[in-house]
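Chemist: The following block contains the structure, expressed as structure tokens.
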Amino acid sequence: MIEERTAPKTVPVTVIVPAYNEAATLGDTLRSLQSQTAPPQEIIVIDDCSTDGTGDVARALGVTVVRPPTNSGSKAGAQTFALPLVKTPFTIAIDADTVLAPDAIEKILPAFNDPNVAAACGSVFPRRIRSIWERGRYVEYLFSFTFYKQIQDEYRAPLISSGCFSMYRTEALRSVGGWRTRTLAEDMDLTWTLYQAGRAVRFVPEACCYPIEPHNFRFLKMQLRRWSHGFVQNVRLHRRGVLTVPFLRSAVAVTVWDAVVASLVYLILLPAFALLLHNPYILLAYVVDVPAIVVPVVVGAWKRRDLGRALVSMPSFFVLRTVNAVFFLAAIWGEVVRGRKFLLYEKGH
Amino acid sequence: MTAGIPGTGISWLFYLLAALLLPLRGIIRRIRGVRVSWRAIAGKAGLACGVFLGIWLAGWILGLLFVSVADSAKVAAGAVPFSIIWRGNIVRWAALIGAFMTLFFVLLTVQVARFARRRR
């Protein structure tokens, strides 16, 4: 008996892939989209005036390539440039260095059975887990996607629909003007804007994507600067608007409190008190919350059958956490104290 | 924490309480006729209990380590009984209550801001 294999039926989804000099990684991204169990109807690559042949890589794989007349200056600008070309009811935004699990689109699509859902995101895990920064980020993601984000979703208020992979209802996306360039975290801006428009956002843990995370401090610096400034900019921009969104308003307030206070405590207060009071036991505060991190990480890693690597990566997390604190305080200092809005988009994966 | 944003100060307590309230919220939603996944709720509430127990256990172990580092020689020599020098769990109720009060203050501030905005 000859088994006939037929190509899976496409779903009414257009994928937008903004790309600036991404020739090295774009091919993997496009192939992961083309081999989906529920393949998208169209894939549009925005070749944002690349000089490394990004457009040629995309064309060779048979996807639609558009090129703005000048570099749009940011991911949000490139994505919004392509939005008028979308003809399907659903749009996916994905980074050019991110690959999807083969069933990611199939898994995320049912979230839109509820007509009020405007956006949905999935779990994120680093594609490469080798350097200290990638390992630290792996633990961060395991913790966040196993614990915090799942609870946020139970209360129907994920803090952010991740920019590296999210699906949107095209009509909702257009109604809010697409991705805006007014902050460095366009995904957070869009998520909070959708909430304020009365739309829902969901998190689908089973839909997984794998971006390339910064492998060295140079790239990490660019990414953390973008994230920390973007977060502060969004809090300032939406500080009144988020008050109308249940749970989100509390989650944002708690996150802001922790980001500021925890950073000050970590970097200044704990060592200062330990020195002033001649009491090294005070430094135990650095590790007393370890179980709060370890338990969700172990549960998340166990489900992925990757417990060993997660445990080995734990020390890297504490290094990354301290670095996060430095960048966050710098962002507060620049944006709030000095009043200088930082809008230079630097690609740091 | 959200990836890239530091802090586990009161966030863990906020999410722990939010997870523990999920069963109650589930009952209310069920009464209102909304479909509820009890399995998902039990998983999250169970995880929150695991986090709480883990913190308590870590405090207890650290308390024990203090003894072995600082006073184990005295105990070994029989100079003092173990029960006298053991400092107990280093996670104090006072610290937990302090964190809870801080969280309460932050959430109250949000509610005040919300009502102030509504009145304007």
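Chemist: Where in region A:23-94 are there helices (runs of 4 or more DSSP H), lying wholly inside it, with at least 1 residues that are over 22 Å from residue A:230 (Cβ atoms) and among the β-branched types (Val, Ile, Thr)?
Modeler: Of the helices (runs of 4 or more DSSP H) lying wholly inside region A:23-94, those with at least 1 residues that are over 22 Å from residue A:230 (Cβ atoms) and among the β-branched types (Val, Ile, Thr) span A:23-34, A:54-60.
Chemist: Right, something else. Of the conditions (1) β-branched (Val, Ile, Thr); (2) buried (at least 22 other Cβ atoms within 10 Å of the Cβ); (3) more than 14 Å from chain B (Cβ to nearest Cβ), residue A:176 clears all except one; give me its number.
Modeler: (2)
Chemist: With the requirement that a residue be surrounded by fewer than 19 Cβ atoms within 10 Å (Cβ to Cβ) and in contact (Cβ under 8 Å) with a residue 60 or more places away in the chain, what does region A:40-79 give you?
Modeler: A:73
Chemist: Mind listing whichever residues of region A:102-144 are among the charged types (D, E, K, R), buried (at least 18 other Cβ atoms within 10 Å of the Cβ) and within 15 Å of residue A:204 (Cβ to Cβ)?
Modeler: A:107
Chemist: Is there a residue in region A:13-24 that is surrounded by fewer than 22 Cβ atoms within 10 Å (Cβ to Cβ) and of a type in the set (Asp, Glu)?
Modeler: no
Okay, residues lined up against (1) touching a Pro at 6+ places or on another chain (Cβ under 9 Å); (2) in contact (Cβ under 8 Å) with a residue 40 or more places away in the chain; (3) within 30 Å of residue B:10 (Cα to Cα):
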{"residue": "A:92", "(1), (2), (3)": "yes, yes, no"}
{"residue": "A:96", "(1), (2), (3)": "yes, yes, no"}
{"residue": "A:128", "(1), (2), (3)": "no, yes, no"}
{"residue": "A:131", "(1), (2), (3)": "yes, yes, yes"}
{"residue": "A:137", "(1), (2), (3)": "yes, yes, yes"}
{"residue": "A:142", "(1), (2), (3)": "yes, yes, yes"}
{"residue": "A:151", "(1), (2), (3)": "no, no, yes"}
{"residue": "A:156", "(1), (2), (3)": "yes, yes, yes"}
{"residue": "A:170", "(1), (2), (3)": "yes, yes, no"}
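Chemist: Another one. Residue B:55: modelled with pLDDT under 90, within 25 Å of residue A:264 (Cβ to Cβ), assigned to a helix (DSSP H, G or I) and in contact with a Pro (Cβ under 6 Å, 6 or more places away or on another chain), yes or no?
Modeler: Yes.
Chemist: Could you say whether any residue in region B:83-103 is more than 17 Å from residue A:248 (Cβ to Cβ), within 10 Å of another protein chain (Cβ to nearest Cβ) and modelled with pLDDT of 85 or more?
Modeler: Among the residues of region B:83-103, at least one is more than 17 Å from residue A:248 (Cβ to Cβ), within 10 Å of another protein chain (Cβ to nearest Cβ) and modelled with pLDDT of 85 or more, which makes the answer yes.
Chemist: Take residue A:77 and tell me if it is within 27 Å of residue A:8 (Cα to Cα) and not acidic (Asp, Glu).
Modeler: Criteria not met by residue A:77.
Chemist: What number of residues within region A:164-222 are within 21 Å of residue A:245 (Cβ to Cβ), assigned to a helix (DSSP H, G or I) and aromatic (Phe, Trp, Tyr)?
Modeler: Here the count works out to 2.
Yes/no per residue for (1) more than 23 Å from residue A:213 (Cβ to Cβ); (2) at pLDDT 95 or above; (3) more than 25 Å from the chain's Cα centre (by Cα); (4) among the aromatic types (Phe, Trp, Tyr):
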| site | (1), (2), (3), (4) |
| --- | --- |
| A:5 | yes, no, yes, no |
| A:14 | yes, yes, no, no |
| A:17 | no, yes, no, no |
| A:28 | no, yes, no, no |
| A:36 | no, yes, no, no |
| A:40 | yes, yes, no, no |
| A:43 | yes, yes, no, no |
| A:62 | yes, yes, yes, no |
| A:71 | yes, no, no, no |
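Chemist: Conditions first: (1) under 21 Å from the mean Cα position of the chain (by Cα); (2) under 29 Å from residue B:19 (Cα atoms). Residue A:326 passes all but one, so which condition is the exception?
Modeler: Evaluating residue A:326 over (1) under 21 Å from the mean Cα position of the chain (by Cα); (2) under 29 Å from residue B:19 (Cα atoms) leaves (2) as the failure.
Chemist: Does residue A:278 count as in contact with a helix residue (DSSP H, G or I) (Cβ under 9 Å, 6 or more places away or on another chain), more than 10 Å from chain B (Cβ to nearest Cβ) and not in a helix (DSSP H, G or I)?
Modeler: In short, no.
Chemist: A further question on this structure: Which one of A:295, A:256 is within 26 Å of residue B:16 (Cα to Cα) and either outside any helix (DSSP H, G or I) or touching a residue at least 12 places away in the same chain (Cβ under 8 Å) (or both)?
Modeler: A:256
Chemist: All but one of (1) of a type in the set (Val, Ile, Thr); (2) under 23 Å from the mean Cα position of the chain (by Cα); (3) over 20 Å from residue A:103 (Cα atoms) hold for residue A:66; which doesn't?
Modeler: Among (1) of a type in the set (Val, Ile, Thr); (2) under 23 Å from the mean Cα position of the chain (by Cα); (3) over 20 Å from residue A:103 (Cα atoms), residue A:66 violates only (2).
Chemist: If you don't mind, another one. Whether any residue in region A:326-337 is of a type in the set (Asp, Glu) and in contact with a Leu (Cβ under 9 Å, 6 or more places away or on another chain) is what I want to check.
Modeler: No, because not a single residue in region A:326-337 is of a type in the set (Asp, Glu) and in contact with a Leu (Cβ under 9 Å, 6 or more places away or on another chain).
Chemist: Give me the residue from region A:276-297 that is farther than 17 Å from residue B:56 by Cα and among the hydrophobic types (A, V, I, L, M, F, W, C) and, out of that set, surrounded by the most Cβ atoms within 10 Å (Cβ to Cβ).
Modeler: The residue in question is A:297.
Chemist: Output the residues belonging to region A:230-244 that are more than 21 Å from the chain's Cα centre (by Cα), crowded, with 16+ Cβ neighbours inside 10 Å and either among the polar types (S, T, N, Q) or more than 9 Å from chain B (Cβ to nearest Cβ) (or both).
Modeler: Within region A:230-244, A:241 is the sole residue that qualifies.
Chemist: Conditions: (1) touching a Lys or Arg at 6+ places or on another chain (Cβ under 9 Å); (2) in a strand (DSSP E or B). Residue A:159 meets all but one. Number of the miss?
Modeler: With (1) touching a Lys or Arg at 6+ places or on another chain (Cβ under 9 Å); (2) in a strand (DSSP E or B) applied to residue A:159, the lone miss is (2).
Chemist: A further question on this structure: Taking the stated definitions as given, is residue A:342 buried (at least 17 other Cβ atoms within 10 Å of the Cβ), in a helix (DSSP H, G or I) and in contact (Cβ under 8 Å) with a residue 60 or more places away in the chain?
Modeler: no
Chemist: From the list A:249, A:321, exactly one residue is within 12 Å of chain B (Cβ to nearest Cβ), touching a residue at least 12 places away in the same chain (Cβ under 8 Å), closer than 29 Å to residue A:191 by Cβ and surrounded by 16 or more Cβ atoms within 10 Å (Cβ to Cβ). Which is it?
Modeler: From the options A:249, A:321, the qualifying one is A:321.
Chemist: Please work out if residue A:105 is away from every other protein chain (no Cβ under 14 Å) and within 22 Å of residue A:292 (Cα to Cα).
Modeler: Answer is no for this residue.
The values are calculated or read from the model by the stated rules, or taken from the named source; none is laboratory data. For clarity, every value in this text was computed on a predicted model and none was experimentally measured. Quick reminder, even Gly has a Cβ in these numbers, built from the backbone with ideal geometry, and neighbours come from all protein chains shown.
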